[in-house]
Amino acid sequence: IRYTVQRLLTLGQDLRPKGQDVLKEELGSMVDKEMIATSTAIEEAVLRMDILNQAKRDTTGVKLEANQSILGSCSDLMKAVHMLVTAATDLQKDIVEEGRGAASITEFYAKNSRWTEGLISASKAVGWGATQLLDSADRVVGEKGTYEELIACSHEIAASTAQLVAASKVKADRNNKKLYTLQQASRHVNDMTAVVVTSTKHGQQQISDHGVMDFSGMSLIKLKKEEMEAQVRPMCPKTELFFVCLFQVGECYQNTFGRSTGND
């Protein structure tokens, strides 16, 4: 039992915020670096999403339409997240300038180390979410992932941006215009997340309804054959019923008039 408790304590120490292990002088630079890294990661995700969209144009028909819709909505979500990170960075600078007084920027971050760690953690979560969304979208359009996974990733990045907004607004002046800009950006992220979910579900339904049948690559003769077979297949039960009825009528006629003829 003692070993187990000691092991749990050790794990707890490993999981606690690492900001306490960092020199307070370094916290300010860590925030700036993390925000820049997050912004860069999102910009790269947007670029890769556009490249991915171009690369998937080798598909045709319903799959092409569904892939373009899904990748387009994911790209729009990434752009919305980038706008939010930019707004959060601008607000953060205002908070520091208004709150530090005579202290230096480094001293302000050191004094508010818990808030600083919250910004760093939220920023990392947003950057990670952007990478996960991109990878998930790549797997889905490449038929190696699931639509549910992509929807979950979109919700995850929306949650991480909400965390960044919450961390940013803790020390913000309610009347700060940049806070309003950040809140508007947050609503836009939520709207774009809903678009990703809708386009993903719609694309899944489109592909499911059409199955593997894609007429865009067929020759005219093959297309005509498929059309004729599609028309014939629904008629088969009716045709079968017609012949059954015809046989029954013939049998009835034979039983009735055949016997009459024999009696005569």
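Quick notes on this one:
- Mean separation of Cα contacts under 8 Å (6+ apart) over length of the range 22-209, as relative contact order %: 35
- Using a cut-off of 24 Å between Cα atoms, the listed pairs LYS79/LYS178; LYS178/LYS201; LYS63/LYS124 include LYS178/LYS201; LYS63/LYS124 as exceeding that distance.
Read-outs: derived from the displayed coordinates by stated rules, not from any lab. Keep in mind that what you see is a predicted model, and the values were worked out from it rather than measured.
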